[in-house]
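Worksheet: the structure to be examined is printed underneath.
Just so it is clear, none of the values below were taken in a lab; they were calculated from the coordinates. Everything numeric here is computed off the predicted structure, so don't read it as measured data. When we count neighbours, we look across all protein chains shown, and the Cβ atoms used for this are built from the backbone with ideal geometry, even at glycine.
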Amino acid sequence: MTSPESPVIPPANRMPAMHPTPRSTPRSSMPSTTRYSEVGRRIDALVRTANVPVVRASSVLFESLAAVDLALEDTARGVRHATTYGTCGVPTTMALMDAVAELEGWGAAPALDRKGPGTRAALVPSGLAAIALAVLTFAASGDHVLMPDSIYGPGRALAQGQLARAGIEATFYDPRIDPAGLAQLMRPRTRIVYLESPGSYTFEIQDVAGLAAMAREHGALSMIDNAWGSPLHFHPFEHGVDVSIVPLTKYWGGHADVLMGAVVVTDELWPTLWRTVRGLGLCVSSDDAWLVLRGLRTLPQRVAQHEVSAIAVAQWLQRHDGVVRVLHPALPDHPDHALWRRDFSGSCGLFSVELERGLESRVAALVEGRRHFGIGYSWGGFESLIMPARLQGLRTTKPWDGGPLVRLHVGLESVADLLEDLEQGFQAMGIAPR
Ligand SMILES: Cc1ncc(COP(=O)(O)O)c(C=O)c1O
């Protein structure tokens, strides 16, 4: 029951009574509920900051209905910086979209009607989501895609699970295949030639320009996972690739504290990609976009240090007992070193080491208990990581037949500390100090 003293619906413009005891402050002096919605929303001071601020928003406001109509039209067409709602973009995410489009899209032919990189970037919650978005946007039921055997593991699972469910068939190919060989696998409904160079864990370098050109001749799109390229050292669009998949989680974010991915396409493909992004309601938070923006400011310096330190660790490993070979494309004895030199301007902190057969049961001793190398997935952060490869079921054209394979991400710690840590690991395996 209600009474005049305690109404269920509070009188307009008043705070509801929280308790029936009389107060010393008269109610009329309390701020109205309207003020709770309106205070602190206008900042007259114009403060310029070096960094783009975090703008969090679901609702975007308009001056008029005519402005709404215009924004709806522009947003549907994917016009840069057009938005009607937080999912379509807010200043922080727009800033990152621009940054990724320009840096990753380097080398794309500028669009005729404007200056600029000629590419656009869509942001999604992870690198894996970027792979899924790219493939599901440009292939449909009945279509066929070609994927390298060395694809990032969850990418293979995507093909065998979600893509298969959607009626998209994937064929896995030897990542070292030449364009003529891959042309043999093309079918009338092959829509996508997917590339990843170097390959996950086994570090094969692909002839990206040759394979992309072959795809184009056959009316298919080429797309590449450019995580390792960083984007400092490989620019997919310079090699004729149509779609770049960018796990921003890695060196772009760079601090092991944010997950994000991007799909970067030429202007021509943007409307199709943008329609899918909007249709699926894909978006990222401004806080996360801000972290990636912050990370990318130091990307060149960090990657340069990762590269130098990783090569020092790789060369040390090459000389170590128990090691068969180091799989690092920048080392002259890597089978694809010439191709790497042709296409890449540098490397990064990620490579693998193959140990002698028979050491399988002792890999745990090398990996566990390290002081500086953490056991963990992902890479591209400031810290060193070590992880044995588990390639069973992940190589179908040519199963891995070497010794135990261990992947290292060399972080920004001192190389001397990292070598000491690894030496202790070798000792724990029973391999004598050098
Ligand atoms: C080559 C490669 N591509 C894509 C991904 C996926 O990125 P994310 O961790 O953001 O999903 C990874 C993650 O380790 C990767 O190594």
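A few comments on the model shown:
- Helix 270-280 vs. the chain, principal-axis angle (Cα, 0 to 90°, nearest 10): 60 degrees
- Global geometry of the range 334-383, whether rounded, prolate or oblate, following the gyration tensor of its Cα atoms and the 1.5 cut on a/c: oblate
- FRET efficiency for Arg390 and Tyr36, using Cβ-Cβ distance with R0 set to 41 Å, rounded to 0.05: 0.15
- Amide H within-cut-off set for Thr190, under 5 Å, with H built and near neighbours excluded: His144
- Judged by the gyration tensor of its Cα atoms, with axes a ≥ b ≥ c, the range 273-316 is prolate; a/c meets the 1.5 cut and a/b is the larger of a/b and b/c.
- Over all Cα atoms in the range 125-247, the spread is summed up by Rg and Dmax: 12.9, 37 Å.
- Principal-axis tilt of helix 286-296 within the chain, Cα atoms, nearest 10 degrees: 40 degrees
- Distant-in-sequence amide H partners of Gly376 (H built 1.01 Å from N, under 5 Å): Ile386
- Under 20 Å from the Ala304 label point (7 Å along Cα→beta-carbon), backbone N, the range 234-265: 234-235, 251-255
- Across the options Ser197, Thr34, Ser361, the greatest Cα extent toward the positive end of the charge dipole of the chain (unit charges at beta carbon of Lys, Arg, Asp, Glu) belongs to Thr34.
- DSSP beta bridges fully contained in the chain are about 60 percent antiparallel.
- The Kirkwood hydrodynamic radius of the range 344-430, based on inverse pair distances between different Cα atoms, is 13.8 Å.
- Of all the options Met30, Met97, Met147, the one that moves most in a Gaussian network model of the chain with Cα springs shorter than 10 angstrom is Met30.
- Max mean-square fluctuation residue, GNM over the chain, Cα-Cα springs under 10 Å, options Tyr377, Tyr85, Tyr36: Tyr36
- Candidates Leu293, Leu248, Leu46: whichever shows maximal mean-square fluctuation once the chain is modelled as a Gaussian network with Cα springs under 10 Å: Leu46
- Two-site label geometry, Thr171 and Ala364: point separation in nm, points 7 Å out along Cα→Cβ: 4.2 nm
- Calculated log₁₀ intensity ratio I(q)/I(0) where the Debye formula runs over C-alpha points of the range 250-331, q = 0.14, 0.24 Å⁻¹: -0.72, -1.10
- Computed 3J(HN,Hα) for the range 125-135, one whole-Hz value per residue from the Karplus formula 6.51 cos²θ - 1.76 cosθ + 1.60 where θ = phi - 60°, is x, 7, x, 5, 4, 5, 4, 4, 4, 4, 6, glycine and proline marked x.
- Put the Cα centre of the range 44-114 next to the Cα centre of the range 365-388 and the gap is 38 Å.
- Listed residue (Gly281, Ala45, Gln206) projecting farthest to the positive dipole end of the chain, Cβ model: Ala45
- Residues His334, His81, His306, sorted so that the one with the fewest Cβ neighbours within 10 Å comes first: His81, His334, His306
- Remark: the chain carries a charge dipole of roughly 1120 debye about the Cα centre, counting +1 on each Lys and Arg Cβ and -1 on each Asp and Glu Cβ.
- Shape call, the range 384-434: gyration tensor on alpha carbons, a/c limit 1.5: oblate
- Separation of alpha-carbon centers, the range 201-235 and the range 263-294, rounded to whole Å: 21 Å
- With eigenvalues of the C-alpha gyration tensor scaled by 5 and rooted, the chain, Å: 47, 30, 20
- Working from the Cα coordinates of the range 65-296, the gyration tensor eigenvalues give, after taking √(5λ), semi-axes of 28, 19, 17 Å in decreasing order.
- Computed about the Cα centre, the dipole magnitude for the range 294-388 is approximately 360 debye when only Lys and Arg (+1) and Asp and Glu (-1) carry charge, each at its Cβ.
- Between the helical axis of 91-104 and the longest alpha-carbon principal axis of the chain there is an angle of about 20 degrees.
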